[in-house]
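Reviewing the structure listed below.
The values are calculated or read from the model by the stated rules, or taken from the named source; none is laboratory data. Treat the numbers as computed from the prediction; the structure is a model and nothing was measured. We place every Cβ from the backbone using ideal geometry, glycine too, and count neighbours over all the protein chains shown. Side chains are part of the model used for accessible areas, which takes the heavy atoms of the whole protein and leaves out ligands, DNA and RNA. Shrake-Rupley method; radii C 1.70, N 1.55, O 1.52, S 1.80 Å.
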Amino acid sequence: PSPERYKLMEDIVLRICHDLGYDFNTVVADGSKFKTETFFISNVGNAELTLSGTPIVLIAGANANLFTVTEQPASSSIPQLSQPLSFTLEFKPTAGFFSTAQAEIIIVNNDPNQTNYKLIIKGTGTMP
C-alpha cells in the first residue's frame, strides 16, 4: 500500500490536523475585515494526483458564505513528488456576525484512500 497521496499544510509550519481542522481564529465582524491563509497540496504518493473537482477547492456547509477561495490551485494535477500547489482561503465575517462560523473544504481527487478530501474550517466574528 502507498502512503497517503497528499497533505494540506498552511504556509511552512504544519498547522492542520485532519481531525481538528483549521481555525482562522478571530476577525472583527464589521463587513470589511478579513483574514487570508495560503495552503499547499502536496503529492507524497507513488503516482500522479489528479484534482477533479469543479472548482478544484470547494467550500460547503452552513457558513460557507463567510469563506472564499480567493486563489484556486494553478493546475488540476500534481506529478509524484513534485512541487506543491497552493490555494488561498479568506474568512470574512459579515457585519454583526458575532459567532463562530464553520464550513468545510472539499477537494475531489483520485486518491483511492480518500477521493473526497474534507477539512473543517472555522473562524469567529468578534465585536469591533
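When only C-alpha pairs under 8 Å and at least 6 residues apart count, what is the relative contact order of region 25-80, in percent?
Result for region 25-80 is 41 percent.
Give me the percent of accessible area attributable to carbon and sulfur for region 31-128, probe 1.4 angstrom.
Here carbon and sulfur together make up 52 percent of the probe-accessible area.
What ranking do 106-114, 77-85 get when scored by the average of other Cβ atoms within 10 Å per residue, highest first?
So the order, starting with the most tightly packed, is 106-114, 77-85.
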